[in-house]
Amino acid sequence: MNSSNHLTQAEHNAKLTSELSAEATDYVDWNITATFYEAVHYVDAYSATVDHSGTPPYASHKNREVWIQRNLPRSFMTDYRTLKNRSRDARYTTPFSTLQSQQERQNAIEIRQSELKRLKDELRKRGLTIPMTPSSPALVKAAEVIRS
């Protein structure tokens, strides 16, 4: 996939997280997973642009992380790894049905969205064109709180 395709896929994943957030928080696991893959595609779009080849210079999650460590700030890697780990947890270990309250589920989504926002902000600073539209109702709510 080229940079443009990765951006399209990232926005597709953003739409999914938005729809999952709007529907209900019963799908926290899928929301978190889609959030991570949104981040993956933004990183891939950026790396394809920086590498000037038109495609990312790696073919695995492990090699993507090596590329991130060499080319982006440590804080970026921290947020990226947290998203990756929570995504893996959501898929394989954490039973999100045990989050009893709507608030607990919403909090889990908001935390992941704030990590994604920091990643997107860093990539924007480096010249990647990413729409400013928040990818979920959780971010809209967070933005409203910050503004008030």
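The values are calculated or read from the model by the stated rules, or taken from the named source; none is laboratory data. Treat the numbers as computed from the prediction; the structure is a model and nothing was measured. Every residue, glycine among them, receives a Cβ derived from its backbone with ideal geometry; neighbour counts consider all protein chains shown.
General observations
- Residue match in region 76-91 (condition: touching a residue at least 40 places away in the same chain (Cβ under 8 Å), within 24 Å of Pro131 (Cα to Cα) and part of a loop (DSSP other than H, G, I, E, B)): no
- Positions within region 114-148 being modelled with pLDDT under 90 and either closer than 20 Å to Phe76 by Cα or surrounded by fewer than 13 Cβ atoms within 10 Å (Cβ to Cβ) (or both), in sequence order: Pro131, Met132, Thr133, Pro134, Ser135, Leu139, Ala143, Glu144, Val145, Ile146, Arg147, Ser148
- Count - residues of region 50-94 that are at pLDDT 90 or above and aliphatic (A, V, I, L, M): 5
- Hits in region 61-75 (condition: touching a residue at least 24 places away in the same chain (Cβ under 8 Å) and polar (S, T, N, Q)): Asn71, Ser75
- The set of residues in region 54-86 being under 19 Å from His6 (Cα atoms) and in contact with a Ser or Thr (Cβ under 9 Å, 6 or more places away or on another chain) consists of Gly54, Thr55, Pro56, Pro57, Tyr58, Arg64, Trp67, Ile68, Asn71, Leu83.
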